[in-house]
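**Q** Quick one: this structure, given as structure tokens, is what I'll be asking you about.
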Amino acid sequence: MLGKLKRTGARGTASGGLSAKELLSLAEAAPTETGAATTPEPEEDTIDDGFADDPISLTPPTAPAAKRRSRRRVRTVNTLIVFAAAASLAVGVTFAVVPKPARATVQRLSAWLSDRSTGSAVQVDGVSGKADAQVSVSPAGHPVRVVQDGQSVLIEDLTTHQISRIDPSQLAVSGSVVPAGAGTRILVGGGAVYLLDPVGGTVQSLDPVTLAVSGPAVGAPGLTAPLGDAQVAADGTLWVADVGDGSLVPVKSGRAGTPRQVGAPGDTLLVALAAGVPVVTDTTTATLHVPSGSGDSVTITLPPQVKSGGTVLQPPSTDGPVVPVLLAPANQLVLVDTAHGSADTVTLTAAAGDAIDAPLTAAGRIYLPDESSGALLVYDTVAHRVLDPITIGSGPGPIDAFVKDGEVWANSPAGGSAVVVGGDGKAHHITKEPGDLPGGPTSSSTSTSAASSPPSPSTPSVSVAGPGDGSSSTAPVVGRNSPPDGGPTGPTGPTGPTGPTGPKLPPRGSAPSAPSKPSRPSAPPSSTPSNPPATPPPAPPASPPSSPPVPGPTPTPTPTPTPAPPPPPAAPPSVQESPGTGDVVVTFTPVTSSNIPLTYHLVGAPASATVSPAASVPGNGGSYRFDVKGLACTSTPYRFGVAADYANGSATTTAPVGALACKAPGAVSKVNATASAHQIDVSWPAAAANGGTVTYQVSYSGGTTQQTTKTSLSITNLPLNKSYTISVTPTNNAGRGSAATTTVNLSNPGSYNIYRAWQFQLNMRKAADSNSASVAVFPLTPQNGTGVGITVLCQVRGGTAADPVDTSLSGDIWDYATWNGHTGYVSDLYVNTAQSQAGNYNSFSSPLWQC
């Protein structure tokens, strides 16, 4: 019995607890003592807490004494269940108590899936593949995003951008927040909830139960706007890509940790957790980084197609070191092995041209949601081959796919089907609308469902258990979008309930039927005896009597139907922005339902900008785009919205990610370099500005990077006789262009000969001084002739040297030279340089450089 209670109790806990009837049925189905003896029950400390790998006990069979104790526990459990059932009935019927929101553990091996047609989220058992609970979360038709981990289930309405929390213990929605920043995102993991504002460059912690702000926001100086991709690790640490700084920053407990440099400022960075280790894909440089706190990061070079301008997608996390990176629309899959630093490319030829979403990994397989076919493509990384696709069942369309508890979930939010794939690769097909579900409207109820009369996003409908028969009815809560009199909130007003025996009530808002009037006599009743008189009564007068005639029953008038209000305005499904050269192009997907708007217009353009088309575009056709010109190339993206205009209002969708009004500059084609003593003068052709002001970063080996807006620069104070690699990179607020490099050997050698050393041996010294140690000895030269040849690298002023025989020979110029594999200093008195031959022993000789 207790084993059965465990298997059902996990689901009951997540969906608000077992009903009284379920408890009674369990009590009646409890095994007898004989049955208990044949099936050993677990000890108390093995009851599933919602996080165990297996909700069924793994305790080995007990000894006979333990079996007797097990039988006693079974009798105790049966008694407790009966009392619990009675108490549940008494409390539920008499008081209708609804518990306060609490942080209940989300059932493992289950997930919540969105159902756009009903505006609800459905909980599905991952073992059986069956739906077992339902909660209304948004107006029907609104696209939503479900963010869930083992402890939190959050719902983001992508139309209103309101974020709410599902309380699994009550099967209700509690707590809500409307993100204020542009592109603000919600992230959960490890029991933590974060609100990420990429434009503002801040991270805010939220209370996991109430979604209230918890502590101060984390921003500068720890984070530099704009922020990019982010993921939450199992310990609750948020790893966020700091695009403004080109780094990966951990955030936890209200503060930012030490950043890990993974790219240059402005690079496009994608974050993933490879077996719990944060990794970053830099699509600007086609590299993948595995950073570490010690600074010894690993960098893996990816195929150049990664930075070819297409879409690059990767999973938020993987269960192993291999990170699949999808290159769309080419549909090439790059398998990056972060453990061995390698990358292999697989071409998905069967899905050429299909719209494929970010890949997912589980148990050695890679799953790719193919929205063009409505299926999951499967690649086996062990066998290195493509497996048969897994059809979801709702046809082509959007797919919400994720991995939870080692299982892959793929949901068709606009359809009624989903699929869950276990670790063995077997798929369970799911019907999200099987009928009556705890928390959802029952099939026998005539109450208006969430699909026909959606609640306000801020005050969703809460399903409350009804007394007696255990059925449920949707109790609408009046909110800011609901009429104060509780009238209709959707296209059709709610229909009054039909009582057990009474007639059906008229629709709310219609006039009630007038009751029939009773008949009354034509004259007052007589006070004489009831016996009739002997003389007949006189004939009636010709004129009408003074008293009115007795009316008959009044027919019931036909109630005048209340005209159905027009449907609420529907916002465009999606809005995207593309950067231009001084402009931003805004494209959007038109409303595809029957509620076609009259026009669309752009929202958020600055007054100084020029919008084309200037006014609007028609709702029933045309080019669904706006070109916003006259914008500055700032470091802050422009974020626009598109409003669908109706006769009864408008609805706006804002682009989830903004765009800059410029693109990265063009490439520097080449670098010209001219060397002189201790200096290299470099110049280059101007790069295409692409809407921004170009700044050139000039770097060289062993030196500090210098910046200039000009197309030339002098690098000074350089040591001689060294080779320098010089790179020039164009940058603007949109990113970096391709760099050009050149290599310069900073030396100016000259070939000369030894002379005048015919009476004594001449030394090559270690330093420019006659008293320095000898490095080499030159052979004697012929009298009035030249000796061996040397290579003079440069000249330096040193100690004064004097010829021991000819006292007129004296000077302080030394030649730094090489000869016969030796390098050292030779007095210029004995080298036939120009100034030495002219008798100027204290002057440098051109064209030799000074050391």
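**Q** Can you name every residue in the stretch 233-265 that is among the β-branched types (Val, Ile, Thr) and part of a strand (DSSP E or B)? Walk me through how you get there before you give the answer.
**A** At the first step, the residues of the stretch 233-265 found to be among the β-branched types (Val, Ile, Thr) are 237, 240, 243, 249, 251, 258, 262.
Correct list: 240, 249, 251.
**Q** Then there's this: Do the conditions hold for residue 358, that is, is it outside any loop (DSSP other than H, G, I, E, B), hydrophobic (A, V, I, L, M, F, W, C) and within 24 Å of residue 288 (Cα to Cα)?
**A** Working: outside any loop (DSSP other than H, G, I, E, B): no; hydrophobic (A, V, I, L, M, F, W, C): yes; within 24 Å of residue 288 (Cα to Cα): yes.
For residue 358, the condition - outside any loop (DSSP other than H, G, I, E, B), hydrophobic (A, V, I, L, M, F, W, C) and within 24 Å of residue 288 (Cα to Cα) - is not met.
**Q** Still on this structure: Report the residue count in the stretch 199-220 for those that are crowded, with 20+ Cβ neighbours inside 10 Å and without any contact (Cβ under 8 Å) to a residue 40 or more places away in the chain.
**A** 5
**Q** Related question: With the structure loaded, tell me whether residue 605 is open to solvent by 70 Å² or more (accessible area, probe 1.4 Å) and over 23 Å from residue 266 (Cβ atoms) or whether it fails that test. If you could, list the steps in order and put the result at the bottom.
**A** Details: open to solvent by 70 Å² or more (accessible area, probe 1.4 Å): no; over 23 Å from residue 266 (Cβ atoms): yes.
Considered against the rule, which asks whether it is open to solvent by 70 Å² or more (accessible area, probe 1.4 Å) and over 23 Å from residue 266 (Cβ atoms), residue 605 comes out as no.
**Q** Restricting attention to the stretch 152-165, does a residue exist that is open to solvent by 30 Å² or more (accessible area, probe 1.4 Å), acidic (Asp, Glu) and under 30 Å from residue 415 (Cα atoms)? Spell out how you get there, then give the answer.
**A** Residues of the stretch 152-165 open to solvent by 30 Å² or more (accessible area, probe 1.4 Å): 158-161.
Those left that are additionally acidic (Asp, Glu): none.
Checked the stretch 152-165: no residue is open to solvent by 30 Å² or more (accessible area, probe 1.4 Å), acidic (Asp, Glu) and under 30 Å from residue 415 (Cα atoms).
**Q** I'd like the residue in the stretch 676-686 that is among the small types (Gly, Ala, Ser) and at pLDDT 95 or above and, out of all such residues, is nearest to residue 715 (Cα to Cα). Lay out the reasoning, then the answer.
**A** Residues of the stretch 676-686 among the small types (Gly, Ala, Ser): 676-677, 683, 686.
When the remaining residues are screened for being at pLDDT 95 or above, the result is 683, 686.
Working: 683: 11, 686: 19 Å.
Residue satisfying both the conditions and the ranking: 683.
**Q** Which is under 30 Å from residue 437 (Cβ atoms) and in contact (Cβ under 8 Å) with a residue 60 or more places away in the chain, of 162, 231? Break it down stepwise before answering.
**A** Working: 231 fails: under 30 Å from residue 437 (Cβ atoms).
None of the others qualify; the one that does is 162.
**Q** Checking residue 408 against (1) open to solvent by 40 Å² or more (accessible area, probe 1.4 Å); (2) modelled with pLDDT of 90 or more, which test does it fail?
**A** (1)
**Q** Quick check: anything in the stretch 639-658 open to solvent by less than 20 Å² (accessible area, probe 1.4 Å) and within 30 Å of residue 718 (Cβ to Cβ)?
**A** no
**Q** Being within 34 Å of the chain's Cα centre (by Cα) and outside any strand (DSSP E or B) is true for just one of 661, 686. Which residue is that? Give the derivation first.
**A** Values: 686 fails: within 34 Å of the chain's Cα centre (by Cα).
Checking each option against the conditions leaves just 661.
**Q** When you go through 643, 605, 570, 651 one by one, which is the residue that is among the aliphatic types (A, V, I, L, M), over 30 Å from residue 696 (Cβ atoms), in contact with a His (Cβ under 6 Å, 6 or more places away or on another chain) and modelled with pLDDT of 85 or more? It would help to see each step written out before you state the result.
**A** Values: 605 fails: in contact with a His (Cβ under 6 Å, 6 or more places away or on another chain); 570 fails: in contact with a His (Cβ under 6 Å, 6 or more places away or on another chain); 651 fails: in contact with a His (Cβ under 6 Å, 6 or more places away or on another chain).
On inspection, the qualifying residue turns out to be 643.
**Q** Can you find even one residue in the stretch 372-395 that is of a type outside the set (S, T, N, Q), without any contact (Cβ under 8 Å) to a residue 40 or more places away in the chain and touching an Asp or Glu at 6+ places or on another chain (Cβ under 6 Å)?
**A** Checking the stretch 372-395: at least one residue is of a type outside the set (S, T, N, Q), without any contact (Cβ under 8 Å) to a residue 40 or more places away in the chain and touching an Asp or Glu at 6+ places or on another chain (Cβ under 6 Å).
**Q** Every residue in the stretch 156-172 that is small (Gly, Ala, Ser) and part of a strand (DSSP E or B), please.
**A** Going residue by residue through the stretch 156-172, those that are small (Gly, Ala, Ser) are 164, 169, 172.
Within the stretch 156-172, 164, 172 meet the criteria.
**Q** Within the stretch 560-601, count every residue that is closer than 19 Å to residue 414 by Cβ, polar (S, T, N, Q) and in a loop (DSSP other than H, G, I, E, B). I'd like the intermediate steps shown before the answer.
**A** Initial filter on the stretch 560-601 (closer than 19 Å to residue 414 by Cβ): 567-568, 570-575, 588-596.
With the extra rule that they be polar (S, T, N, Q), the set shrinks to 574, 589, 592-595.
Right, trim to in a loop (DSSP other than H, G, I, E, B) and you get 592-595.
Looking only at that region, the number is 4.
**Q** Within the stretch 668-683, can you find the residues that are under 44 Å from the mean Cα position of the chain (by Cα), over 14 Å from residue 743 (Cα atoms) and either of a type in the set (Val, Ile, Thr) or outside any loop (DSSP other than H, G, I, E, B) (or both)?
**A** Of everything in the stretch 668-683, just one residue is under 44 Å from the mean Cα position of the chain (by Cα), over 14 Å from residue 743 (Cα atoms) and either of a type in the set (Val, Ile, Thr) or outside any loop (DSSP other than H, G, I, E, B) (or both), namely 668.
**Q** Within the stretch 343-384, restricting attention to residues that are more than 22 Å from the chain's Cα centre (by Cα), among the hydroxyl-bearing types (Ser, Thr, Tyr) and open to solvent by less than 50 Å² (accessible area, probe 1.4 Å), which residue is nearest to residue 328 (Cα to Cα)?
**A** 379
**Q** Related question: Modelled with pLDDT of 95 or more and more than 42 Å from the chain's Cα centre (by Cα): which single residue out of 725, 743, 709 fits that description? Full working, then the answer.
**A** On the way: 725 fails: more than 42 Å from the chain's Cα centre (by Cα); 709 fails: more than 42 Å from the chain's Cα centre (by Cα).
On inspection, the qualifying residue turns out to be 743.
**Q** Can you name every residue in the stretch 740-759 that is open to solvent by less than 50 Å² (accessible area, probe 1.4 Å) and either of a type outside the set (S, T, N, Q) or in contact with an Asp or Glu (Cβ under 8 Å, 6 or more places away or on another chain) (or both)?
**A** If the condition is that a residue be open to solvent by less than 50 Å² (accessible area, probe 1.4 Å) and either of a type outside the set (S, T, N, Q) or in contact with an Asp or Glu (Cβ under 8 Å, 6 or more places away or on another chain) (or both), then 740, 744, 746, 750, 752, 754, 755, 757 are the ones that fit.
**Q** Which of the residues spanning the stretch 183-198 are within 30 Å of residue 641 (Cα to Cα), in contact (Cβ under 8 Å) with a residue 40 or more places away in the chain and open to solvent by 30 Å² or more (accessible area, probe 1.4 Å)?
**A** 185
**Q** Need a quick list: strands (runs of 3 or more DSSP E) entirely within the stretch 173-216 having at least 3 residues that are more than 15 Å from the chain's Cα centre (by Cα), closer than 25 Å to residue 576 by Cβ and of a type in the set (Val, Ile, Thr). Walk me through how you get there before you give the answer.
**A** Values: elements: 185-189, 192-197, 202-206.
Hits in the stretch 173-216: none.
**Q** A further question follows. Do we find that residue 174 is open to solvent by less than 30 Å² (accessible area, probe 1.4 Å), modelled with pLDDT under 90, polar (S, T, N, Q) and touching a Gly at 6+ places or on another chain (Cβ under 8 Å) in this structure? Steps first, answer last, please.
**A** Working: open to solvent by less than 30 Å² (accessible area, probe 1.4 Å): yes; modelled with pLDDT under 90: yes; polar (S, T, N, Q): yes; touching a Gly at 6+ places or on another chain (Cβ under 8 Å): no.
No; evaluated as a whole, the condition is false for this residue.
**Q** While we're looking at this one, here's another question. Could you tell me how many of the residues in the stretch 273-288 are more than 20 Å from residue 738 (Cα to Cα) and open to solvent by less than 30 Å² (accessible area, probe 1.4 Å)? If you could, list the steps in order and put the result at the bottom.
**A** Narrowing the stretch 273-288 to residues more than 20 Å from residue 738 (Cα to Cα): 273-280.
Pick out the ones that are also open to solvent by less than 30 Å² (accessible area, probe 1.4 Å) and you get 273-274, 278-280.
Number satisfying all stated conditions: 5.
**Q** Only one of 140, 133, 230 is touching a Pro at 6+ places or on another chain (Cβ under 6 Å) and either buried (at least 23 other Cβ atoms within 10 Å of the Cβ) or outside any loop (DSSP other than H, G, I, E, B) (or both). Can you tell me which? Please lay out each step first, then the result.
**A** Working: 140 fails: either buried (at least 23 other Cβ atoms within 10 Å of the Cβ) or outside any loop (DSSP other than H, G, I, E, B) (or both); 230 fails: touching a Pro at 6+ places or on another chain (Cβ under 6 Å).
Unique residue meeting the criteria: 133.
**Q** Residues that are modelled with pLDDT under 90, outside any loop (DSSP other than H, G, I, E, B) and open to solvent by less than 40 Å² (accessible area, probe 1.4 Å): does the stretch 432-446 have at least one?
**A** Start the filter on the stretch 432-446 by keeping residues that are modelled with pLDDT under 90, which leaves 432-446.
Cutting the leftovers down to outside any loop (DSSP other than H, G, I, E, B) gives us none.
No, the stretch 432-446 contains no residue that is modelled with pLDDT under 90, outside any loop (DSSP other than H, G, I, E, B) and open to solvent by less than 40 Å² (accessible area, probe 1.4 Å).
**Q** OK, next. Among the numbered criteria (1) touching an Asp or Glu at 6+ places or on another chain (Cβ under 8 Å); (2) more than 26 Å from residue 290 (Cα to Cα), which one does residue 343 miss?
**A** If we test residue 343 against (1) touching an Asp or Glu at 6+ places or on another chain (Cβ under 8 Å); (2) more than 26 Å from residue 290 (Cα to Cα), just (2) comes out false.
**Q** Only one of 270, 223, 302 is buried (at least 21 other Cβ atoms within 10 Å of the Cβ), farther than 22 Å from residue 336 by Cβ and not basic (Lys, Arg). Can you tell me which?
**A** Among 270, 223, 302, only 223 is buried (at least 21 other Cβ atoms within 10 Å of the Cβ), farther than 22 Å from residue 336 by Cβ and not basic (Lys, Arg).
**Q** Of the conditions (1) within 30 Å of residue 828 (Cα to Cα); (2) touching a strand residue (DSSP E or B) at 6+ places or on another chain (Cβ under 6 Å); (3) open to solvent by 60 Å² or more (accessible area, probe 1.4 Å), residue 719 fails just one. Which one is it?
**A** (2)
**Q** Only one residue in 762, 780 is more than 60 Å from the chain's Cα centre (by Cα) and open to solvent by 80 Å² or more (accessible area, probe 1.4 Å). Which one?
**A** Numbers: 762 fails: open to solvent by 80 Å² or more (accessible area, probe 1.4 Å).
Step by step, each of 762, 780 is checked, and only 780 is more than 60 Å from the chain's Cα centre (by Cα) and open to solvent by 80 Å² or more (accessible area, probe 1.4 Å).
The values are calculated or read from the model by the stated rules, or taken from the named source; none is laboratory data. Keep in mind it's a predicted model, so treat the numbers as computed, not measured. Ideal geometry is used to build each Cβ from the backbone, glycine not excepted, and the neighbour counts take in all protein chains shown. Side chains are part of the model used for accessible areas, which takes the heavy atoms of the whole protein and leaves out ligands, DNA and RNA. Shrake-Rupley method; radii C 1.70, N 1.55, O 1.52, S 1.80 Å.
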